[in-house]
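Structure first, commentary second.
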Amino acid sequence: WFIWMMDWHQAWWVIFPMILTVVAHRFARPLTMKRWLYYPFGFLFAIPAYVANYQALDGIDVGWPFLLGGYLLLEFVLWETNWQFNSRVLNDRQLKKEAAIDSLTGLLNFGQFDKDLQAAFERYQDHNELYSLYTFDVDHFKAINDEFGHLSGNEVLKAVAKHLQQLSGTWEYRAKVYRTGGEEFSILLFDVVESYQRATEISQQLRHELNGLEFRFDDQCLHLTISLGQDRATADDKN
């Protein structure tokens, strides 16, 4: 188009839109999310085309202010349309995230656990991807709430959740951590290798690390204990 509009010796103008096209492709996200970047970049992108037209027409006035105004209006419409679309996508993504997160601990909630467990079982049936499930609850948690108050109980739950997230990141398997009930937590390990010894090691590590947590309420020192179970899917499981 530039070569057709201009003489061959002027066609070097094509270099600018080519460079700006690469920039637009590389930095599309910030350019389309920040108004103060979008408008100057769009105007800069259009300049070579206007220069090419102006030179090709030898300066003939074809209503340049009207054309520039129309271009700015087009930029505005494109920006608003794109902004509304992106805002809706981000809002939907945030709502889905909030629906899957336990608000107190920041862990995944029971609804997400149910979906992930079903998906893991289906992958096991279809592709033999073995997974492992650990579930435990904090012993005598009701007594903690009754004696020290629910705010203290919440601090215990948040500390356990934080410790679980840190601990699960040290294992060789991909893991997801959930709060599946009041004081009940679950961990899914994906694509594991069948090993009774390794399963036992992880169980003992969980018990040891969480039993090592110490809390002090009303000048009383509290140490947690947990009741833990672990299992994996087997070939004859139906659900």
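The values are calculated or read from the model by the stated rules, or taken from the named source; none is laboratory data. Predicted, not measured: the structure shown is a model, and the values here were computed from it. Glycine also receives a Cβ, built like all others from the backbone with ideal geometry; neighbour counts cover every protein chain displayed. In case anyone asks, the SASA skips ligands and DNA or RNA and just uses the protein heavy atoms, side chains included. Shrake-Rupley method; radii C 1.70, N 1.55, O 1.52, S 1.80 Å.
Annotation: extensible slack from residue 61 through residue 151 equals 24.9 nm (criterion: 0.36 nm per residue apart, minus Cα-Cα distance). Taking the DSSP beta bridges with both ends in the stretch 95-206, the antiparallel portion is around 95 percent. Using the 1.4 Å probe convention, the accessible area of the chain works out to 65 Å² per residue with neighbouring protein chains retained. Across the chain, the mean sequence separation of Cα contacts (distance under 8 Å, 6 or more residues apart), normalised by length, yields a relative contact order of 18 percent.
In this structure, the pairs whose alpha-carbon distance is over 31 Å, taken from 142/176; 34/96; 34/158; 34/176, are 34/158; 34/176. Within the assembled protein chains, the solvent-accessible surface assigned to residue 187 is about 0 Å², based on a 1.4 Å probe.
Take each complete run of DSSP H in the chain, measure how far its Cα atoms stretch along the helix's own axis, and keep only those covering 20 Å or more with mean Kyte-Doolittle hydropathy at least -1.0; list them. Membrane-span-like by this criterion, though nothing is claimed about a membrane: 35-56, 64-100, 150-168. Using Cα springs under 10 Å in a Gaussian network model of the chain, which residue among 182, 59, 153 shows the largest mean-square fluctuation? Taking springs between Cα atoms under 10 Å, the residue moving most is 59. Only helices enter the 222 nm calculation for the chain: every DSSP H run of n ≥ 4 contributes -39,500 (n - 2.57), and dividing by all residues gives -19500 deg cm²/dmol, rounded to 500. A Cβ-based charge dipole, computed about the Cα centre of the stretch 126-197 with Lys and Arg at +1 and Asp and Glu at -1, lands at about 280 debye. Name the most mobile residue of 157, 78, 224, meaning the one with the largest mean-square fluctuation, in a Gaussian network model of the chain with Cα contacts below 10 Å. Most flexible of the set in this elastic network: 78. Just how far, in whole angstrom, is the stretch 125-146 from the stretch 203-233 if you go by their alpha carbon centroids? Using only Cα atoms to place each centre, the spacing works out to 13 Å. Within the shell of other residues whose beta carbon sits under 12 angstrom from the beta carbon of residue 226, the net charge comes to -4, with Lys and Arg scored +1 and Asp and Glu -1. Please report the carbon-and-sulfur percent of the accessible area for the stretch 99-222; probe 1.4 Å, protein heavy atoms only, DNA, RNA and ligands left out. Within the stretch 99-222, the accessible surface is 46 percent carbon and sulfur. Of the candidates 93, 198, 26, which one comes out as most mobile in a Gaussian network treatment of the chain with C-alpha springs shorter than 10 Å? Looking only at 93, 198, 26, the largest GNM fluctuation is found for 26.
Within the accessible area of the stretch 36-81, the carbon and sulfur atoms contribute 80%, probe 1.4 Å, all protein chains present. When all protein chains stay in place and ligands, DNA and RNA are ignored, the 1.4 Å accessible-area order of 184, 214, largest first, is 214, 184. When the charge dipole of the chain is built from unit charges on Cβ atoms (+1 for Lys and Arg, -1 for Asp and Glu) and taken about the Cα centre, the candidate among 66, 212, 168 whose Cα reaches farthest toward its positive end is 66.
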